[in-house]
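Just below is one structure, and these are the notes that go with it.
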Amino acid sequence: MFEFISSDAWVIGLRKGFYFIFSPKLFMREIVVKVPEELEKEMEEFSEDWSKIALEAIRLKIFELELKRSRKLRHLLFKALISKSKFSEKDALELGRKINESLYKDLKSEGLI
């Protein structure tokens, strides 16, 4: 029995009148971010969930780092982008060469090649 009871918890069992509740938040790590006062004032002007925004920024950065690290992932992303494009295969190959050259220069400047 899995029953949704809130946005972050589920009842996963009932035994002898007690509910067993699972919440993914119980297993999440906490990160403390210090922000300058000026930025805090700007943040207070907006009623946003800054924790969710920070979490999404971390996920985006991880994806970006994985993309840099994984040639296959770059290739799949590139194929997805060009599948809806009016580029010819020749145009796509030329763009791919430019991307590879840029990545090579970046890796070389960081001393990884």
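Only one residue in Lys108, Lys52, Lys41 is of a type in the set (D, E, K, R) and within 25 Å of the chain's Cα centre (by Cα). Which one?
Lys52
Would you point out which residue out of Lys61, Lys84, Lys72, Lys98 is over 30 Å from Ile31 (Cβ atoms) and within 24 Å of the chain's Cα centre (by Cα)?
Criteria check complete, one pass: Lys84.
Any idea which residue in region 77-96 is nearest to Glu66 (Cα to Cα), counting only those that are surrounded by 10 or more Cβ atoms within 10 Å (Cβ to Cβ) and not aliphatic (A, V, I, L, M)?
It comes out as Phe78.
Just so you know, all these numbers are worked out from the coordinates, no wet-lab data involved. Only a predicted model underlies this, so the values are computations on that prediction, with no experimental measurement involved. Counting neighbours? That spans all protein chains shown, and the Cβs are built from the backbone with ideal geometry, glycine included.
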